[in-house]
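A.B. asks: Please read through the structure below; I'll follow up with questions.
Where a number appears in this text, it was derived from the coordinates with a stated rule and is not lab data. On a predicted model such as this, the values are computed, not experimentally measured, just so you know. Counting neighbours? That spans all protein chains shown, and the Cβs are built from the backbone with ideal geometry, glycine included.
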Amino acid sequence: MVVSDLHGDWDAYRRYRDRFVALQARGEADWLILAGDLIHADSPADPDDSLEMVTNVLALQATYGEAIIYLCGNHELPHIYGFSLSKGETEYTPGFEATLSQSGRRAEIMGLFDGLPFFVRTAGGASITHAGASRAATTKREALKLFRWNHQEQLSIAEGLLAEEDVPGLRRAYARLSQVESYEALARRYLAVTGPDDPRYDDLLRGMFVMMIPGFDLLWEALFTTCERNEGEEAYEATLIQMLAYLSEGFDEQRVLVAGHMKTPGGHQVVAGRHLRLASAAHARPREAGLYLLFDVARPVYQAADLQTNLFSVYQLVD
Ligand SMILES: [Mn+2]
């Protein structure tokens, strides 16, 4: 069972979770795959229960073990690296950082985020990821780097670079560039640190150095890709076929990519023949058009359209 982009929507999360629990008990679903962007309400007007949802996933994992797969989305990513994320006037990250600090479970949740996979492959040839295929992985070597990505390695490179710098000077420059009076105000806002003694105090600076590591854009592109809306459907088809070929390395041939990430009126869309775009809540328009995917991972799929009969709703009173 695949669900995507719940964006802090507890009601949607509860419906999908309960559906999985019921299906699992009947032997009709073995895996629950949350395809990223579980957190951050889409708009400041929407309720945001991101932290409750993440802690509930931890509880589900304690019960169902590896059957609960949570993939990394572009909204989980900034919290791993201490970036801020915003769109227009909406700042997504400070609220979650604040609840994270208040929860007393930061280390546990960061441990979860650090280990979130980017891709799941199936024997039947459908791979699942958050956003889609990206052009950044242009060689097999780059694709392998992405598949074996290590956040801690990137963070320690950035820490090494930061250690060679005049840190107080960088803090002042960072504040100046952000047009605020002090770095401390920024660190409190974006990292929910307690003050200058907090071990995470300089994580905004570290995040800045992460962005400068050559090759980091590989990860960025993979989680933020806007697919055919970026490069056109024809070019995207080639990108998609290339990505599926990389995903097929040393495994069953992968022929279809399932991803969410983008606004999808009606809850699903077939893109470039091989990409099934899924929106389970916030991106569905209306929200209640949101769908989940339930398919047999061993049955071969050849086209995204093959999965269209496997889409279901939790917003209707059917069982
Ligand atoms: Mn996304």
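A.B. asks: Kirkwood Rh over Cα pairs of region 1-49 into Stokes-Einstein at 25 °C, 0.890 mPa s: D in µm²/s?
C.D. replies: Details: Rh = 11.3 Å.
The estimated diffusion coefficient comes to 216 µm²/s.
A.B. asks: Sticking with this one: So how much slack lies between Met110 and Thr194, counting 0.36 nm per residue of separation and subtracting their Cα-Cα distance, in nm? The partial results should precede the final answer.
C.D. replies: Values: separation 84, 0.36 × 84 = 30.24 nm, distance 1.76 nm.
Separation in residues times 0.36 nm, less the Cα-Cα distance, equals 28.5 nm.
A.B. asks: From the Cα trace of the chain, what convex hull volume per residue do you get, rounded to a whole Å³?
C.D. replies: It comes to 135 Å³ per residue, whole-number rounded.
A.B. asks: Bins of 10 Å, beginning at zero and ending with the bin holding the largest distance: percent of Cα pairs per bin for region 164-235, please.
C.D. replies: It works out to 17, 37, 25, 15, 7, 0, in whole percents.
A.B. asks: Mind checking which lysines have their C-alpha under 23 Å from Lys263, skipping anything on the same chain fewer than 8 residues away?
C.D. replies: Those lysines meeting the cut-off are Lys87.
A.B. asks: What dipole magnitude, in Debye to the nearest 20, does region 1-97 give about its Cα centre under +1 on Lys/Arg Cβ and -1 on Asp/Glu Cβ? Please list the in-between numbers first.
C.D. replies: Values: 6 positive and 17 negative charges, 77 e Å.
With only Lys, Arg, Asp and Glu charged at Cβ, the dipole is about 380 debye.
A.B. asks: To continue, here is another question. If the viscosity is 0.692 mPa s and the temperature 37 °C, what Stokes-Einstein diffusion coefficient in µm²/s follows for region 175-319 when Rh is the Kirkwood radius over Cα pairs? Intermediate results must be reported in sequence, preceding the final value.
C.D. replies: Values: Rh = 18.6 Å.
Approximately 177 µm²/s, per Stokes-Einstein.
A.B. asks: Now for a separate question. On the first, second and third principal axes, largest extent first, how far apart are the outermost C-alpha atoms of region 256-319 in Å?
C.D. replies: Sorted from largest, the Cα extents of region 256-319 read 30, 27, 13 Å.
A.B. asks: Looking at the chain as a GNM with Cα springs under 10 Å, which of Phe216, Phe20, Phe96 has the largest mean-square fluctuation?
C.D. replies: Phe216
A.B. asks: Could you list, bin by bin from short to long, the percent of Cα-Cα pairs of region 1-120 in 10 Å steps?
C.D. replies: Binned Cα distances yield the sequence 13, 48, 31, 7, 0.
A.B. asks: Can I ask one more? Can you give the percent of C-alpha pairs in region 124-180 whose distance is more than 19 Å? Before the final figure, lay out the partial values.
C.D. replies: Values: 933 of 1596 pairs.
More than 19 Å apart: 58 percent of the Cα pairs in region 124-180.
A.B. asks: How large is the helix-only mean residue ellipticity at 222 nm for the chain, computed as the sum of -39500 (n - 2.57) over DSSP H runs with n ≥ 4, divided by its residue count, in deg cm²/dmol to the nearest 500? Please report the intermediate quantities before stating the final value.
C.D. replies: Working: 13 runs with 135 residues, N = 319.
Helix-only estimate at 222 nm: -12500 deg cm²/dmol.
A.B. asks: In a GNM of the chain with a 10 Å cut-off on Cα contacts, which of Ile128, Ile68, Ile39 has the highest mean-square fluctuation?
C.D. replies: Answer for the Gaussian network model of the chain: Ile68.
A.B. asks: Which Rg and Dmax, in Å, describe the Cα atoms of region 68-215?
C.D. replies: Rg, Dmax (Cα atoms, Å): 16.9, 56.
A.B. asks: Still on this structure, please answer the following. Could you let me know the centre-to-centre spacing of region 115-136 and region 20-93, using Cα atoms, in angstrom?
C.D. replies: So the two Cα centres are separated by 16 Å.
A.B. asks: For helix 50-64, what angle does its Cα long axis make with the longest principal axis of the chain, in degrees from 0 to 90 and rounded to 10?
C.D. replies: Tilt of helix 50-64: around 60 degrees.
A.B. asks: Please compute the length gained on full extension between Leu161 and Leu311, using 0.36 nm multiplied by the number of residues separating them and subtracting their Cα-Cα distance. Display every interim value, and only then the final one.
C.D. replies: On the way: separation 150, 0.36 × 150 = 54.00 nm, distance 4.75 nm.
Extra length available between Leu161 and Leu311 comes to 49.3 nm.
A.B. asks: A further question on this structure: Can you sort Val3, Val21, Val314 from fewest to most other Cβ atoms within 10 Å of each residue's own Cβ? Please report the intermediate quantities before stating the final value.
C.D. replies: Working: Val3 28, Val21 14, Val314 21.
Listed from fewest to most nearby Cβ atoms, that is Val21, Val314, Val3.
A.B. asks: Another question, then. Taking springs between alpha-carbon atoms closer than 10 angstrom, which of Ala22, Ala41, Ala136 fluctuates most in the Gaussian network model of the chain?
C.D. replies: The residue with the greatest mean-square fluctuation here is Ala22.
A.B. asks: To the nearest 0.05, what FRET efficiency results for Gln179 and Ala123 with a Förster distance of 45 Å applied to their C-beta separation?
C.D. replies: Values: r = 53 Å, r/R0 = 1.18.
Computed FRET efficiency for Gln179 and Ala123 comes out at 0.25.
A.B. asks: Non-local amide H neighbours of Ile69 (under 5 Å, H modeled in plane, Pro and chain starts lacking H): which ones?
C.D. replies: Result for Ile69 returns Leu32, Ile33, Leu34.
A.B. asks: In addition: Taking Cα pairs under 8 Å and at least six residues apart, what relative contact order does region 221-292 come out at, in percent? The partial results should precede the final answer.
C.D. replies: Numbers: 111 pairs, mean separation 16.7, N = 72.
Once normalised by length, the contact order is 23 percent.
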